[in-house]
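Reviewing the structure listed below.
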Amino acid sequence: MGLSQAKFAAACGIGKTAQYTYEAGERTPDAAYLEAAGRLGVDVWYVVLGERTTNDMITTMALRVVLNHVTERLGLDGQQVELALKIAEENERNETTWQRSESDVSATYRLVSQIVDDALVKRDELSQTTLQAVLEGVESELRETRRDISPAKKAAAIGFLYRSFLATGKIDAKAISDALTLAMD
């Protein structure tokens, strides 16, 4: 890293004496120190557990982050995704690639398919509360502005607003007004 013990300690927010006691094993570093050391390029996993971080470990951690984001964005059941992951991990632990049976792979596939199917059904179900708020907002805006639009344009505006408000979880009167203005043109 090219840092003296004193400079490394300062970069981690501690004094040289504390750094020495960490290196000698007399004291255990806290999370703030480990975070700072990690930013400097230290293999924190190695410091804590005595094992080098491998590319496979980094890939696994990255896949976990991606899986969590995908789970959240698609509205998947997190507990079911965790269960599928545990089953797949258990299958991998118990069998080598050349021993893997088709039934293990298909069982995991079926579980993942069910999780995704459930999320799609849930996503496609109408939210009566959101739809009611959109309809009331559209009707109120049309009444207040004394405007009238064709049923086709009204339906298009309602569909657009519904999807938008369902995604954001928030009903926006300005968006309703803007959508109806666009529908009028």
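Values in this text are rule-based calculations from the coordinates and carry no lab data. Because the structure is predicted, anything quoted here is derived from the model rather than measured. For neighbour counting, all protein chains shown are included, and Cβ atoms are generated from backbone atoms with ideal geometry for every residue, glycine included.
Kindly provide the GluC sites (Glu not before Pro) of region 21-63 that DSSP labels as loop, not H, G, I, E or B, and whose Cβ sees at most 16 other Cβ atoms within 10 Å.
Glu26, Glu51
Taking a label point 7 Å from the Cα of Ala107 along the Cα→Cβ vector, which residues of region 60-97 have an amide N closer than 20 Å to it?
Residues passing the 20 Å test: 79-97.
For region 22-47 and region 149-185, what is the separation of their Cα centres, given in Å?
Cα centres, region 22-47 to region 149-185: 53 Å.
Between Val138, Val121, Val48, which gets the highest mean-square fluctuation from a Gaussian network model of the chain, Cα cutoff 10 Å?
Val48
Compactness ratio of the chain: Cα Rg over 2.2 N^0.38 Å, N = residue count?
It is 1.73.
Which three extents, in angstrom, do the Cα atoms of region 128-184 have along their principal axes, listed largest first?
27, 20, 18
Quick check: residue separation of Lys122 and Glu35 times 0.36 nm, minus the Cα distance between them. What number comes out in nm?
Result for the pair: 27.3 nm of gain on full extension.
Tell me the angle of helix 173-184 to the major Cα principal axis of the chain, expressed in degrees between 0 and 90 and rounded to the nearest ten.
It works out to around 50 degrees.
Multiplying the sequence separation of Glu136 and Asp172 by 0.36 nm and subtracting their Cα-Cα distance, what value in nm do you get?
This chain segment gains 11.8 nm when fully extended.
Against the longest alpha carbon principal axis of the chain, how many degrees, from 0 to 90 and to the nearest 10, is the axis of helix 102-124 turned?
Orientation of helix 102-124: about 40 degrees from the principal axis.
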